[in-house]
Amino acid sequence: MWKVWKLKGKDWAVLNLPLLLVALICIALVVVIQSFRLPGVERQVVVGCVLVGQKEDRGWNENHSIGIMNACRAHNCAFVLREQVAESKDAVSTAVKELVKEGANVIFLTSFGYGAYMDEIAREYSKVAFFGISGNGDANNSITYFTRLYQARYLTGIVAGDASKTGVLGYVASMPNPETLRDINAFTMGMRFVNPKARLIVRFTGSWNNEAEERKSVVLLDEKGADVITFHEDTDFAVQEAEKRGLMSVGYDVVYKKYSERFLTAAINNWKVLYNKMLGDYLSGRINFSNRYWVGFEAEAVALYPLSPLVSEKAVFLVSLEKKRIMNERSVFSGVIYDNQGTLRCEEDEWISDDELFNGLDWLVEGVEIYE
């Protein structure tokens, strides 16, 4: 027997109840069968990584590749890599194109110079998620990230400033971009927190990896009276040269080698924490492409390498005190700050914004001298 329902002026014919139940059971069976598909049917997420240097450089590039591979294992993702990719638009574009052909859904651009091209490339590959350690992240599918390493740099500055006997410290750096300048400034502020008259001499090499120039820089800074050396390069050639010359030193990013007690400490990045967080957020749909990832001590993304026995009790106490303050206030660049040209950059009860620190910092604090 037929029964007719009226719905918005249309006639809908419905079979009797037994036939309807049969139809519903059939639909339910189809749904159940579909839910038991083999895992291999699901497309695996492929994560791409672009490195400026070699994957196994015992420094910056190795630390990033290990961090990303660790996150891939944790989240059951495939990993594909392009290494020794120059910081030019053509080189980055070619590397990305190759990774996308290999199925990359997510691509990490792990060197500062890549940021200038990230948004343009991301718009070309709108179905791929791009993460870059610099740039603006203005494309709908791109986002920037970094650790707040400057927090740890500030504390290493306290250690180094206290240990220096000459009051002159040396810093070997690649180039004057916001990434290096904020670390130089934070180190100097820590150094002068404990020794207000200390001077930091910075020599830029113009490259992320140039062993000859980095070793030469240490020699020249030694001649200028620097008795503590630190660096911002992909590998630790500066520390190796400092050890050779009997100078004290402070490390950066990661420590793979065992040094003498003259190696005072290091500002350490824990990229594993950040990559695991970012990839997990992407896979779960929690990622927000309008906000960058920038985390520090509070997320255990940065740390201090164990202090040398040569570090004084005074420095140990001040490091502990200042770390607690940073953890509470999350601020290093606050209060009265002058640049090395005498211009007031930050006033009492003010702080320098994250936007300026991340992308806009183009000045050096009081106490910094550029090697001429």
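At-a-glance table
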item: Qualifying position, being within 16 Å of the chain's Cα centre (by Cα) and either among the basic types (Lys, Arg) or at pLDDT 95 or above (or both), among 291, 269, 340, 359; result: 269
item: Sole exception among (1) in the same structural domain as residue 186 (by TED's automatic domain parsing); (2) in contact with a strand residue (DSSP E or B) (Cβ under 8 Å, 6 or more places away or on another chain); (3) modelled with pLDDT of 95 or more for residue 316, by number; result: (2)
item: Output for the range 96-117, where each listed residue is in a helix (DSSP H, G or I), in contact (Cβ under 8 Å) with a residue 60 or more places away in the chain and among the hydrophobic types (A, V, I, L, M, F, W, C); result: 112
item: Tally, over the range 269-298, of residues that are farther than 26 Å from residue 44 by Cα and outside any loop (DSSP other than H, G, I, E, B); result: 5
item: Yes/no for residue 324 being over 30 Å from residue 72 (Cα atoms), among the basic types (Lys, Arg) and not in a loop (DSSP other than H, G, I, E, B); result: yes
item: Which numbered condition residue 338 fails, given (1) in contact with a Phe, Trp or Tyr (Cβ under 8 Å, 6 or more places away or on another chain); (2) surrounded by fewer than 17 Cβ atoms within 10 Å (Cβ to Cβ); (3) in the same structural domain as residue 154 (by TED's automatic domain parsing); (4) in contact (Cβ under 8 Å) with a residue 24 or more places away in the chain; result: (1)
item: Residues of the range 336-358 satisfying the condition of being in a loop (DSSP other than H, G, I, E, B) and within 19 Å of residue 297 (Cβ to Cβ); result: 352
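Yes/no per residue for (1) outside any loop (DSSP other than H, G, I, E, B); (2) hydrophobic (A, V, I, L, M, F, W, C); (3) under 27 Å from residue 206 (Cβ atoms):
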position: 70; (1), (2), (3): yes, no, no
position: 94; (1), (2), (3): yes, no, yes
position: 119; (1), (2), (3): yes, no, yes
position: 123; (1), (2), (3): yes, no, no
position: 139; (1), (2), (3): no, yes, no
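The values are calculated or read from the model by the stated rules, or taken from the named source; none is laboratory data. For clarity, every value in this text was computed on a predicted model and none was experimentally measured. Methodologically, a virtual Cβ is constructed for each residue, glycine included, from the backbone with ideal geometry; neighbour enumeration extends over all protein chains shown.
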